[in-house]
Amino acid sequence: QVQLAESGGGLVQAGGSLRLSCAASGRAFSSSNMGWFRQAPGKEREFVAAISRSGIIYYTSYADSVKGRFTVSRDNAKNTVYLQMKSLKPEDTAVYYCAAGYGNTRVQNEYDYWGQGTQVTVSS
């Protein structure tokens, strides 16, 4: 089992940067695909980015809306996954969730464990 806790959210001006962290507990972290999702007010939760489980190469995946601006990474020694966000836009405003799972990294239903979320607000 994996327990997840996000941190690093906050209020930032458009064009600014934030780095979200997701600390995981449990032995399964290194064998889990890790994903970031977000949910804006009045909208459905959507995929943001993901990174594959530990291996020789980490595979990453991004939503088109964040490609080139966001970077996902993981530190298995710290049981933590990160989401570095740059050139933030007001439309990036949302609650950001991290998730752990074993299936398709872009699909919400493939994730078994979720954090509580952290609010990111980008002002114009």
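If you check V95, V81, V72, which single one turns out to be under 25 Å from F29 (Cα atoms) and touching a Ser or Thr at 6+ places or on another chain (Cβ under 6 Å)?
V72
Could you list, in sequence order, the residues of segment 8-51 that are open to solvent by 60 Å² or more (accessible area, probe 1.4 Å) and in contact with a strand residue (DSSP E or B) (Cβ under 9 Å, 6 or more places away or on another chain)?
Taking segment 8-51 and keeping what is open to solvent by 60 Å² or more (accessible area, probe 1.4 Å), we get 11, 13, 17, 19, 27, 39, 41-46.
Hits for segment 8-51 are L11, Q13, S17, R19, Q39, P41, K43, R45, E46.
The values are calculated or read from the model by the stated rules, or taken from the named source; none is laboratory data. Predicted, not measured: the structure shown is a model, and the values here were computed from it. Glycine also receives a Cβ, built like all others from the backbone with ideal geometry; neighbour counts cover every protein chain displayed. Quick note on the areas: whole protein, heavy atoms, side chains included, nothing else; ligands and nucleic acids left out. Shrake-Rupley method; radii C 1.70, N 1.55, O 1.52, S 1.80 Å.
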